[in-house]
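The values are calculated or read from the model by the stated rules, or taken from the named source; none is laboratory data. All figures in this text were calculated on a predicted structure; none of them were measured in a lab. A quick note on method: Cβ atoms are made from the backbone with ideal geometry, for glycine too, and the neighbour counts reach across all protein chains shown.
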Amino acid sequence: MPKKKIEETNVTEELLAEQPENASDPISDQEAESPASPISQAKEPAASTPVRKSVPTSILTLNADTEVETQESREDTIWHELQNAYRTRKILVGTLGGIEKLEGGNTIAIIYYKGMRVVIPLTEMMINLIVDDAHDYGELFQRQNKILGNMLGCEIDFMVKGLDNSTRSVVASRKDAMYKKRQIFYLPDANGNSRVCEDRVVQARVIAVAEKVVRVEIFGVECSILARDLSWDWLGDATERFHVGEQILVRILSVKIDSLENISVKADVKSVNGNTSKENLSKCKVQGKYAGVVTDIHKGTVFVRLHIGVNAVAHSCYDDRLPGKKDEVSFVVTRIDEDRNVAVGLISRIIKQNI
C-alpha cells in the first residue's frame, strides 16, 4: 500500500476513535422495577386478574393518512444516507458549524449534515496558502485557523472517508469533493467543452466576507472578488450586503487550468446586474443638494453614495467636523463627470456621524 494511503487511513482511524462513545443501554424494565410491596405479592384469584393486552408499536396519529417520524427513525435514515454515500463516493453538502482542537493539537472542522456530526481534519479542508521563507509553519497554521474561523456558517461539499457503526462517527474530506467537482465542471468533455467557462453566469457559494472582499467557492474552486467588482454602487462595507452561507450569481471572467490541483478563476458580480449609473446620473442637477453616505476616504478625497443611486466624489467639506466612513452627509453637485459616471462636488455639512 502507498505511504499516502497508509497516512490517510491512520488519520481516519484516529479521528473515529476519538469521537465520544454512545451512552450505555438503558436499564431494562425488569431491573428498573422497584421491589414489590407485600400487598402486590398477595395472590388473587385467577378470575379477578385482568388480562393485559399488547400495545401496538406504531404511532397513533390524529389523521388516518399521516405518518409521524421519530427522532430515532430520522437518525437511522440519515445514517443510512451516509453509509450509501461512503460506498458510492457521493458528494454531500453540509454546514460548517464548529471548529475543535484535539488533544494532540490537530484542528478539526465540524460539519453538520441534517443534524448529524461529521468531522473533517484541517488538512482535508483544502485551505491552500502560499508558503515561503517569510512564513514558518506556526504562522501558516494560525492563518489556516483564522480563515477556517471566517468560514463558519458556510455550505461546503464533502465526501465520507470513514464510518464507525458502533459510535456513529463520520470522518470526511472536503478536498476530495472539490477535486471531483473540478473534474466534472472544469475539465473538457468528449467534445472539448467545459461547463464552467469564460463569460458564463454561474451560481457560487459565499464562504467568507470581509470589508473589501468576498470569498466564493465556484464548483470546487475558491475565488476572491474585490469590492469594486461586487457592485456598480460604491460599497463602504461588503458585509452589509453579503453574508456567509448565501448563494449568489457571478460571471466568469477567466479560467486558467494548469492541472486538476491548480485551477484559478476570476469572476465578478456587478456585470450580472444591470448598470443603472447613467440612468441615475440624469437625476442629478448641477447645484443640486442631495443626501448620501460616505463609503470611503482616500488621500483627502471623500467617496459618497447618494441616496438617489449616484456615486459622488467630494474634494472639500464645509463642516467644521471631518467626515468619516458611514457618515450621512449633505452633498452639493458642482459638476457631472459623464465619462466616469460620477457626480463631483463638495460636502456642505455632516447630517449624522457614525460613532
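Cys197 satisfies every condition listed in (1) modelled with pLDDT of 90 or more; (2) exposed (fewer than 13 other Cβ atoms within 10 Å of the Cβ); (3) farther than 21 Å from Asn128 by Cα except (2). Inside the stretch 188-203, residues that are in contact (Cβ under 8 Å) with a residue 60 or more places away in the chain, in a loop (DSSP other than H, G, I, E, B) and within 25 Å of the chain's Cα centre (by Cα) make up a count of 1. Considering the stretch 218-254, the residues that are small (Gly, Ala, Ser) and over 20 Å from the mean Cα position of the chain (by Cα) include one that is modelled with the highest pLDDT, namely Ser254. Among the criteria (1) on the phi > 0 side of the Ramachandran plot; (2) touching a residue at least 60 places away in the same chain (Cβ under 8 Å), the one Lys299 does not fulfil is (2). Applying the set (1) modelled with pLDDT under 90; (2) surrounded by 14 or more Cβ atoms within 10 Å (Cβ to Cβ); (3) outside any loop (DSSP other than H, G, I, E, B) to Ile127 leaves exactly one unmet item: (3). Out of Met116, Met159, one residue alone is surrounded by 13 or more Cβ atoms within 10 Å (Cβ to Cβ), among the hydrophobic types (A, V, I, L, M, F, W, C) and at pLDDT below 95. It is Met116.
Given the residues Ile297, Ile351, Ile263, Ile308, which is the only one that is touching a Ser or Thr at 6+ places or on another chain (Cβ under 8 Å) and either under 21 Å from Glu240 (Cβ atoms) or not assigned by TED's automatic domain parsing to the domain that holds Asp176 (or both)?
Ile351
Here the stretch 338-355 is the region considered, the condition is being in contact (Cβ under 8 Å) with a residue 40 or more places away in the chain and touching a Cys at 6+ places or on another chain (Cβ under 9 Å), and the residue that is surrounded by the most Cβ atoms within 10 Å (Cβ to Cβ) is Ala343.
Would it be correct to say that Lys180 is in contact (Cβ under 8 Å) with a residue 24 or more places away in the chain, in a helix (DSSP H, G or I), buried (at least 16 other Cβ atoms within 10 Å of the Cβ) and of a type in the set (Lys, Arg)?
Numbers: in contact (Cβ under 8 Å) with a residue 24 or more places away in the chain: yes; in a helix (DSSP H, G or I): yes; buried (at least 16 other Cβ atoms within 10 Å of the Cβ): yes; of a type in the set (Lys, Arg): yes.
Yes.
Inside the stretch 274-310, residues that are small (Gly, Ala, Ser) and loosely packed, with under 12 Cβ neighbours inside 10 Å make up a count of 3. Across the stretch 230-240, the qualifying residues are those that are among the acidic types (Asp, Glu) and assigned to a loop (DSSP other than H, G, I, E, B), and the one among them that is surrounded by the fewest Cβ atoms within 10 Å (Cβ to Cβ) is Asp237. Residues in the stretch 324-337 that are under 39 Å from the mean Cα position of the chain (by Cα) and surrounded by fewer than 20 Cβ atoms within 10 Å (Cβ to Cβ): how many? Total satisfying the criteria: 5. Checking each residue in the stretch 77-107 for being surrounded by 13 or more Cβ atoms within 10 Å (Cβ to Cβ) and in a helix (DSSP H, G or I) picks out Ile78, Trp79, Glu81, Leu82, Gln83, Ala85, Tyr86.
Let's see how each residue does on (1) more than 21 Å from Val304 (Cα to Cα); (2) outside any loop (DSSP other than H, G, I, E, B):
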site: Ile225; (1), (2): yes, yes
site: Arg228; (1), (2): no, yes
site: Phe242; (1), (2): no, no
site: Ser254; (1), (2): yes, yes
site: Glu261; (1), (2): yes, no
site: Gly274; (1), (2): no, no
site: Asn280; (1), (2): no, yes
site: Lys283; (1), (2): no, no
